[in-house]
Amino acid sequence: MRLIRRLKQDPDADISRFREFYINHIFERAQYYNTLSLQINHRQIKHTALLHFNLTSALFLNDLIEKFQKEGWIIDDYSKAMKDRIYAEQPIAMPAEQSLIWMQAKQTGEFELRYPGEDSVFEKEKMDKLGL
């Protein structure tokens, strides 16, 4: 919404800082869940990412994929990822909109997790400081 508001105010606005924030945020969260998964599952799983259909994803998705590739992540077909045995597991209970890895961590009782796992409230202060 902040990007939309900025572009409504100034259609020629420089949106590079939004791009940088978006890419860094998504990549940071992916690294977090990958590290969490390694601690819980003791192996590298094939992750999936749910990205909302919105302006930031539309504008910056190619840049995001490029970031993952530059960092050594393999971008693969969803159907291949779903063959990972992790997706056959059923957590005891799964709050709406939480990731499978988040739920695994919650079930162990060993991790301090933010809830909801992904929410704009956690990014508000960072965005405010950057003037986004």
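The values are calculated or read from the model by the stated rules, or taken from the named source; none is laboratory data. All values derive from a computational prediction rather than experimental measurement. With ideal geometry, Cβ positions are generated from the backbone for all residues, glycine too; neighbour counts draw on all protein chains shown.
Results for (1) farther than 22 Å from LYS129 by Cα; (2) of a type in the set (S, T, N, Q), shown as yes or no for each residue.
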residue	(1), (2)
GLU20	no, no
HIS25	no, no
ALA30	yes, no
ASN34	yes, yes
SER37	yes, yes
ILE40	yes, no
HIS47	yes, no
PHE53	yes, no
THR56	no, yes
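Look at LYS106 and say whether it is surrounded by 15 or more Cβ atoms within 10 Å (Cβ to Cβ), outside any loop (DSSP other than H, G, I, E, B) and free of Cβ contacts under 8 Å to residues at least 24 places away in the same chain. The answer is yes for LYS106.
In this structure, ILE86 does not qualify as over 26 Å from ARG5 (Cα atoms), surrounded by 10 or more Cβ atoms within 10 Å (Cβ to Cβ) and in contact with a Leu (Cβ under 6 Å, 6 or more places away or on another chain). The condition (being part of a loop (DSSP other than H, G, I, E, B), among the hydrophobic types (A, V, I, L, M, F, W, C), farther than 17 Å from TYR32 by Cα and modelled with pLDDT of 85 or more) is satisfied by just one residue among PHE53, PHE60, PHE111: PHE53. Screening ILE45, ILE15, ILE92 for residues that are of a type in the set (A, V, I, L, M, F, W, C), touching a residue at least 12 places away in the same chain (Cβ under 8 Å) and in contact with a Ser or Thr (Cβ under 8 Å, 6 or more places away or on another chain) leaves exactly one candidate, ILE45.
Of the residues contained in segment 16-36, none is found to be in contact with a His (Cβ under 9 Å, 6 or more places away or on another chain), farther than 24 Å from GLU125 by Cβ and either modelled with pLDDT under 95 or among the hydroxyl-bearing types (Ser, Thr, Tyr) (or both).
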